[in-house]
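Asks: Pasting a structure here, questions to come.
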Amino acid sequence: MLKKEINDLLTQTGPGTPMGDLFRQYWIPALLAQELEENDSPPVRVKLLSERLIAFRDSEGRYGLMDEFCAHRGVSLWFGRNEESGLRCTYHGWKYDVNGQCVEIPSEPAERESALCKKIKLRSYPLVKIGDVLWTYMGDPAQTPDLPEWEFARVPAENTFTSKRWQECNWLQALEGGIDSSHVSWLHSGGLKTDPLFKGAQGNKYNLADLKPFFEVVESDGGLFIGVRRNADDDNYYWRITPWVMPSFTMIPPRGDHPVHGHFWIPIDDENCWVYSFDYHSTRALTGTERQAMLDGHGVHNEYEPGGSYRPLANKDNDYLMDRAAQKRGDTYSGVKGIAIQDSSLQESMGPIVDRTKEKLVSTDSGIIMARRKLWRAVEALRDDGVQPPGVDVAHQRVRSAAVVLPKDQAFIDGCREALEVQPGVKHASV
Amino acid sequence: MTTPTPTLARQPTLASSCARAATAAEARFRIDYPDLSRRDSRVIALDERTAGLARELAAATERWRGGHFLVFGRVLPGGDAELRTAAGEPVRLSSELADADVVVMLAGPADDPGPSADAAAVIGDACAARFIMSAGLVVPGPGPVDAAVSALRPNAMVLVVLQDGDDVAEVLSALRV
């Protein structure tokens, strides 16, 4: 349960809101790099943290992210021409560079044009390619943090794959699904046996043999580690450990030698979010089969509606292609195909912003309770004292998930401290 | 003449079905009624440090929904234990668990894990025998919490290691204690 004022505090991320200010402390995913695949490619409309923006890549390969609307008459620059190192409004020919600086106003006398241009600049944010993602920082330029160091974005290109999908609900209820380890045994049961990106791991046997796991939540510098333990044998526990780094990064514990999956949940506005889903292997290239499975929507990825909107093929307009016969047969637990859509179908059904004053949490929801509490504390510390929130420091980003077998008397945080940190050239700890 | 197979597109779509059901407008029609349900929670401090915290928490009566705040006393024969209420009244663990839905154990830093481990074991076993959910909160303070974690781990289905003592009340509120 959460009081209404706290629910509002954590779910509203527009300009000037406390949670919006918190998100604006971080480099966050703005687009996939493939959306601006080449120089002078078409501009892309981007809505982030309730701000409407336009992204483009100019003739020199520089990326720009700026106010979507021309300073002149408020026309969307999505209709613009991306040419000769700038984005030109097709209404009257005003042109902007990647920093939002107006560089041409063709209707003005040549003698005055330059002086007038200097006075016109659209709000713009930096846009940087790291891995498969274009990252932006929407906060105070004087406080720009170091560039992100998430391992999935820093490994060689052939080791990693990232997709994104539009989810039609507030970012927080989507994130909470990612740290709610207890739903996996229900909603996603079935996937462990059949999904090409999960099946075959020894850990799956432990998962399926012990349906009464114990949970352990430990605070970290960047957020939380959420450990789930099951019986492995008489002397050992099987631990699956999920890191959450503020504000919205999670990584699923690995299975065997499969690539490791994870997510970022980024607010579009208060009723929609982007789910960035990644898969990577720390020490080897993804195989052709693995990459194809990801492109086909397996694992944490999904199929799309045609047209390039990044809206899932199974969405709320078609009841997520619910298959009651598959549900009855047990092919899937919920009747919805695929882990990503199993999650989004239920999370969107809660409504655009779930009313948390009515929920009835139980102790297995402790990860969610603690994540909310940490967000709430960080928002207040930033608002009241200007304290930099956890997760901005790149040291907090060098985390890994882990799946390990440990002696019963060993705390997971001690037993796999090294495994929970990025070690270049060393594989994820996985069973 | 054959009857066309109905498809989703051909079915009449009410505002409360399919896509529109998840809109903010439709959320207004969710049944709104007061939450009168009671959750019978037992919060049990295992050591001296958390005993004081339990008494403080108990004093904020307006915050709680009937949860009992208790302090562990001693192990009794037969898998039972003596507890004390915040007011100091002795009660039996077995009688407190008779109507309990969840038990939250509190433990803090200690040099000797022995007493907390014994307390956690008897409570954990009693909860397991009655199919009651058991949780443990490790409360920070001066000194290491390893002993508290060790004491609680085998006996709590859910264990949370806190870095800020203020979070205890927030976690209990979220659980509607």
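Asks: Would you confirm whether any residue within the range A:307-324 is of a type in the set (D, E), in contact with a helix residue (DSSP H, G or I) (Cβ under 8 Å, 6 or more places away or on another chain), over 22 Å from A:N159 (Cα atoms) and not in a loop (DSSP other than H, G, I, E, B)?
Replies: Yes, the conditions are met somewhere in the range A:307-324.
Asks: Among the residues of the range A:331-343, is there at least one that is among the polar types (S, T, N, Q) and within 14 Å of chain B (Cβ to nearest Cβ)?
Replies: Start the filter on the range A:331-343 by keeping residues that are among the polar types (S, T, N, Q), which leaves A:332, A:334, A:342.
Checking the rest, the ones that are also within 14 Å of chain B (Cβ to nearest Cβ) come to none.
Looking through the range A:331-343, none of the residues is among the polar types (S, T, N, Q) and within 14 Å of chain B (Cβ to nearest Cβ).
Asks: Continuing with this model, one more query. I'd like to verify a number: residues in the range A:414-431 that are within 14 Å of another protein chain (Cβ to nearest Cβ) and without any contact (Cβ under 8 Å) to a residue 24 or more places away in the chain, how many?
Replies: Final tally of qualifying residues: 2.
Asks: Does A:L346 satisfy the criteria of being within 12 Å of another protein chain (Cβ to nearest Cβ), outside any loop (DSSP other than H, G, I, E, B) and over 21 Å from A:W186 (Cβ atoms)?
Replies: no
Asks: Is there a residue in the range A:288-302 that is of a type in the set (K, R) and surrounded by fewer than 18 Cβ atoms within 10 Å (Cβ to Cβ)? Steps first, answer last, please.
Replies: To start, the set of residues in the range A:288-302 that are of a type in the set (K, R) comprises A:291.
Applying the additional criterion that residues be surrounded by fewer than 18 Cβ atoms within 10 Å (Cβ to Cβ) yields A:291.
So far as the range A:288-302 goes, yes, one or more of its residues are of a type in the set (K, R) and surrounded by fewer than 18 Cβ atoms within 10 Å (Cβ to Cβ).
Asks: Here's a follow-up. Counting just the residues of the range A:391-413 that are under 30 Å from A:T144 (Cβ atoms) and among the hydrophobic types (A, V, I, L, M, F, W, C), which one comes out farthest from the other protein chains (Cβ to nearest Cβ)?
Replies: The qualifying residue farthest from the other protein chains (Cβ to nearest Cβ) is A:V394.
Asks: Hey, another quick one. In the range A:315-337, which residue that is crowded, with 19+ Cβ neighbours inside 10 Å and in contact (Cβ under 8 Å) with a residue 60 or more places away in the chain is nearest to A:L197 (Cα to Cα)?
Replies: Among residues in the range A:315-337 that are crowded, with 19+ Cβ neighbours inside 10 Å and in contact (Cβ under 8 Å) with a residue 60 or more places away in the chain, the one nearest to A:L197 (Cα to Cα) is A:T332.
Asks: On to the next question. Just name the residue that is surrounded by the most Cβ atoms within 10 Å (Cβ to Cβ) out of those in the range B:150-166 that are under 22 Å from A:D235 (Cβ atoms) and within 16 Å of the chain's Cα centre (by Cα).
Replies: Here the answer is B:L152.
Asks: Against the conditions (1) part of a strand (DSSP E or B); (2) more than 27 Å from A:V426 (Cα to Cα), where does A:Q173 fall short? Just the number, please.
Replies: (1)
Asks: Quick one: is A:G351 under 22 Å from the mean Cα position of the chain (by Cα), in a loop (DSSP other than H, G, I, E, B) and more than 14 Å from every other protein chain (Cβ to nearest Cβ)?
Replies: When the stated conditions are applied, A:G351 does not pass them.
Asks: Restricting attention to the range A:140-162, does a residue exist that is in a strand (DSSP E or B) and surrounded by fewer than 19 Cβ atoms within 10 Å (Cβ to Cβ)?
Replies: The answer is no; no qualifying residue exists.
Asks: For the range B:27-50, what are the residues that are closer than 18 Å to B:R63 by Cβ, under 16 Å from the mean Cα position of the chain (by Cα), of a type outside the set (K, R) and in a loop (DSSP other than H, G, I, E, B)?
Replies: B:S37, B:D40
Asks: Do you know which of the residues in the range A:49-64 that are touching a Phe, Trp or Tyr at 6+ places or on another chain (Cβ under 8 Å) and touching a residue at least 60 places away in the same chain (Cβ under 8 Å) is nearest to A:D269 (Cα to Cα)? Break it down into steps so the answer makes sense when it comes.
Replies: From the range A:49-64, those touching a Phe, Trp or Tyr at 6+ places or on another chain (Cβ under 8 Å) are A:49, A:52-57, A:63-64; that's our starting set.
Filter again for touching a residue at least 60 places away in the same chain (Cβ under 8 Å), leaving A:49, A:53, A:55, A:63-64.
Working: A:L49: 5, A:L53: 12, A:A55: 17, A:Y63: 23, A:G64: 21 Å.
The qualifying residue nearest to A:D269 (Cα to Cα) is A:L49.
Asks: Test A:G177 against the stated conditions and say whether it is crowded, with 19+ Cβ neighbours inside 10 Å and under 18 Å from the mean Cα position of the chain (by Cα).
Replies: Yes; evaluated as a whole, the condition is true for this residue.
Asks: When the residues of the range A:234-265 are filtered to those that are touching a residue at least 24 places away in the same chain (Cβ under 8 Å) and among the acidic types (D, E), which remaining residue is surrounded by the fewest Cβ atoms within 10 Å (Cβ to Cβ)?
Replies: My answer is A:D235.
Asks: Among B:A107, B:A147, B:A121, B:A81, which is surrounded by fewer than 20 Cβ atoms within 10 Å (Cβ to Cβ), of a type in the set (A, V, I, L, M, F, W, C) and under 16 Å from B:L46 (Cβ atoms)?
Replies: B:A121
Asks: All but one of (1) within 14 Å of chain B (Cβ to nearest Cβ); (2) closer than 28 Å to A:V405 by Cβ; (3) not β-branched (V, I, T) hold for A:G262, so report the exception by its number.
Replies: Condition (1) is where A:G262 drops out.
Asks: For the range A:91-115, how many residues meet the condition of being closer than 19 Å to A:N39 by Cα and in a loop (DSSP other than H, G, I, E, B)?
Replies: 4
Bear in mind these aren't lab numbers, they're just calculated from the coordinates by the rules spelled out. Fair warning: this is a prediction, and the values are worked out from it, not measured in the lab. For neighbour counting, all protein chains shown are included, and Cβ atoms are generated from backbone atoms with ideal geometry for every residue, glycine included.
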